[in-house]
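Asks: Following this message is one structure expressed as structure tokens.
Derivation of every value follows stated rules applied to the coordinates shown; laboratory data play no part. For clarity, every value in this text was computed on a predicted model and none was experimentally measured. In this analysis, Cβ positions are derived from the backbone assuming ideal geometry, glycine residues included, and neighbour counts consider all displayed protein chains.
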Amino acid sequence: MIEILLIVIVLLGMISFLFFWMRRNKGAIQQIEEARFDLESIQRYVSDALQNFMESSLYEGNPSTEEYNRRKARRNELRKSLRSCMHGNLSTKKYVKIFIRTVLDHYGFNEYNVNQVIPFDRAERLTDQDCFDIILQQYIKEYDRDALNQLIQKYHLDELKPYATGSKGYKITSEEIRQIYQTEQFELSFSDKMDVIVQRIYQSFKGLGVIDEIRDQNIDGVNGGTSGVPTDIAQSLDVAHYMEQKITIPKTYDAVWIFYHGKSIHLEFLSFGSELELKRVCQNIYTFGNPGQLNEAKGFMVNDMADGSRVVVVRPKMSESWAFFVRKFDVRIVEIEDLIKGENAFLPIMLSKFLIKGERITAVTGRQGSGKTTLMMALIGFINRRHNIRVQEMSFELRARKIYPDRNILTFRETPTISGQKGLDTQKKTDGSVSILGEVADHPVASLMVQIAQVASEYTFFSHHGKTFPNLVNALRNSLIADGAFANEKAAEKQVVDVLGFNIHLDMTASGKRYVERITECIPLEDDDDYPMEYREQNDLNQKLDAIADTLREYFYRQTDRKTYTYQDIVVWENDQYVAKNCPTDRNIMAMLNKMDDADTDEFISFLEENWGYAI
């Protein structure tokens with residue numbers, strides 16, 4: 001009996017000790033639990049699990065040959081995915097995220113502690129990034145890669161907004177994101193919450209930081225590090241002054257911008273969080289295909305991503321801070337009617353169609369974001385199917401074979417060891433009929449364009465950044481001279497106007513609406529090679545000297561002030577509608593008709609007669 005009593009007393013003592021110990025250490029236990037469910041701890045766990053998986057023995061457990069091969073294939077697939085998931089390869093990104101989700105299934109998550117990672121149950125405690133991640137994740141479930149586009153359109157996030165300076169620009173603010181989150185009233189399941197956590201772990205571990213999901217969306221591009229004050233400069237600012245004014249100094253790593261429908265929109269609510277994170281993204285985003293090392297000696301890198309996006313990365317000392325620029329190109333089949341809209345839009349649409357069918361050399365010009373590349377994609381669809389197409393680009397942008405996989409198309413591009421000239425020389429041996437230059441952006445490429453137009457193909461079209469038609473001609477002329485092809489301005493200009501037929505110039509309004517500003521025809525002026533020779537017939541010395549002076553005057557006039565071309569606008573954008581102006585010249589009309597089949601010929605003649613009163 002006494003023994004039983006002693007046992008009871010001991011048990012009660014132990015229970016009391018544990019009770020008081022737990023009360024005293026409840027806070028410490030809670031802190032340990034909270035630390036276990038923060039993003040950094042979870043990321044370390046995932047990193048350790050990944051390392052253990054890669055280093056574990058394939059022979060553990062004495063597997064069969066089939067099981068051994070299966071383990072080896074899984075490891076190789078994961079290793080391959082980890083190397084390419086940040087390069088725009090969506091399938092490898094998905095594979096890595098599935099691996100992370102599988103790892104976290106053993107971390108002990110439940111309906112309660114999942115809210116300790118991100119406070120899904122306390123909206124007031126969510127950060128701006130938390131709100132945006134949840135919103136985007138829910139929209140991706142419904143719209144996939146069109147999610148951000150749907151979000152912007154639904155809440156008119158691409159409208160001009162005022163800045164403190166009084167000017168207006170494009171930005172998406174924290175207030176807008178929080179208002180959208182409150183409006184949507186999402187009911188998140190446990191799986192939804194885990195998806196957000198997995199994406200957050202992935203983007204900071206192997207992804208592209210805060211732009212990881214944004215980059216995959218159907219937008220025109222994204223860039224970072226392009227605004228704010230560089231870190232070294234920020235440290236030298238009068239911090240006390242800014243503290244008094246209660247002004248937060250935006251840093252370079254706070255800069256996240258998207259390019260959307262020709263508009264550059266600042267995502268004010270997003271930040272990379274540190275200079276180190278921005279640098280990490282810059283050092284990873286360009287590495288698809290092992291293009292080389294980005295270092296201070298070079299200072300920049302231009303490359304493609306796995307999905308065809310173009311990426312440019314710059315670093316100090318070439319630039320004042322680390323920055324990257326991703327330019328995306330929509331490779332969906334695009335009808336020209338979807339690109340050119342407005343009253344009387346049939347005028348530029350039909351004229352553009354006939355310029356291609358009539359095999360006219362055409363320049364598509366406009367500023368960045370005005371839709372040059374997209375329009376050129378649509379124009380390729382009008383090229384006669386009997387023509388083989390060869391494309392020369394600095395980087396693969398048109399991706400014509402993705403849009404027209406049944407056409408005979410081959411694209412060449414420059415590389416560090418293969419110049420555009422060598423690419424052109426190769427093209428001449430590939431039975432190409434139509435040559436397309438993705439962008440005439442420098443002197444050698446301009447010289448290539450003239451060569452292609454003269455000898456390498458039946459006709460060509462290309463893009464350029466010329467603002468006016470004379471600017472276009474002058475830029476191409478100057479490029480020929482700078483490239484060493486010509487020493488005389490007039491001779492170089494004559495070469496340009498002899499090959500250049502038409503110019504389709506694109507622009508966009510302040511609100512981002514794209515339109516065809518004009519379609520212009522180039523008209524070369526006839527050059528009479530004969531000079532006045534009256535001095536030969538003069539017997540009187542004074543009259544002979546006067547006649548010689550007239551001959552010299554004509555020579556110097558032709559070498560200086562005499563024009564080699566004129567031009568006229570065929571279709572223009574006026575008062576929010578397209579207007580037919582001057583009729584194309586007989587020279588171009590007859591040349592176009594000679595290239596068209598009977599059906600196109602009849603349609604073209606009717607088009608000219610109805611809109612310009614032209615009759616053959």
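Asks: Are there trypsin sites (Lys or Arg not before Pro) in the range 51-145 that DSSP marks as loop and that have at most 15 other Cβ atoms within 10 Å, and which are they?
Replies: Sparse-neighbourhood loop trypsin sites (Lys or Arg not before Pro): Arg122.
Asks: Determine, from the Cβ-Cβ distance of Lys490 and Ala549 and an R0 of 25 Å, the FRET efficiency 1/(1 + (r/R0)^6), rounded to the nearest 0.05.
Replies: For Lys490 and Ala549, the calculated efficiency is 0.70.
Asks: List Lys251, Lys317 from most exposed to least, where exposure is judged by having the fewest other Cβ atoms within 10 Å.
Replies: Final ranking by Cβ density, sparse to dense: Lys317, Lys251.
Asks: If you stretched the chain out fully between Tyr163 and His106, how much longer would it get, using 0.36 nm times the residue separation minus the C-alpha to C-alpha distance?
Replies: 15.7 nm
Asks: Which of the trypsin sites (Lys or Arg not before Pro) found in the range 387-467 are loop residues per DSSP with 13 or fewer other Cβ atoms within 10 Å of their Cβ?
Replies: Listed in order of number, the matching sites are Lys429.
Asks: How about the range 328-427: which chymotrypsin sites (Phe, Trp or Tyr not before Pro) there are in a DSSP loop, with at most 16 other Cβ atoms within 10 Å of their Cβ?
Replies: Phe382
Asks: Using all Cα-Cα distances in the range 268-314, what percent lands in each 10 angstrom bin from 0 up to the longest?
Replies: 24, 49, 25, 2
Asks: Within 10 Å of each residue's Cβ, count the other Cβ atoms and sort Trp322, Trp257 from fewest upward.
Replies: Neighbour counts put them in this order, fewest first: Trp257, Trp322.
Asks: Arranged by the count of other C-beta atoms within 10 angstrom, fewest first, what order do Glu493, Glu175 take?
Replies: Ranked by crowding around the Cβ, least crowded first: Glu175, Glu493.
Asks: So, R0 is 22 Å and r is the distance between the beta-carbons of Lys581 and Glu603; what FRET efficiency does that work out to, to 0.05?
Replies: 0.60
Asks: Along the Cα-to-C-beta direction of Asn76, a point sits 7 Å from the Cα; which residues of the range 273-299 have their amide N less than 16 Å from that point?
Replies: No residues fall inside that zone.
Asks: If the label point is 7 Å along Cα→Cβ of Thr231, which residues in the range 262-296 have backbone nitrogen under 14 Å from it?
Replies: 272-283, by backbone N distance to the label point.
Asks: Here is a further query. Translational diffusion coefficient, Stokes-Einstein: compute it for the range 304-462 using the Kirkwood radius over C-alpha pairs as Rh, at 25 °C and 0.890 mPa s, and state it as an integer in µm² s⁻¹.
Replies: Estimated diffusion coefficient is 146 µm²/s.
Asks: For the pair Gln368 and Lys317, how long in nm is the line joining their label points, each one 7 Å along Cα→Cβ?
Replies: The modelled label-to-label distance comes out at 2.5 nm.
Asks: Shifting gears a bit: Compute the distance from the alpha-carbon center of the range 87-119 to that of the range 274-327, in whole Å.
Replies: What the calculation gives is 28 Å, centre to centre.
Asks: Further question on the same structure: So what's the net charge close to Phe269: Lys and Arg +1, Asp and Glu -1, counting the other residues with Cβ under 14 Å from its Cβ?
Replies: -4
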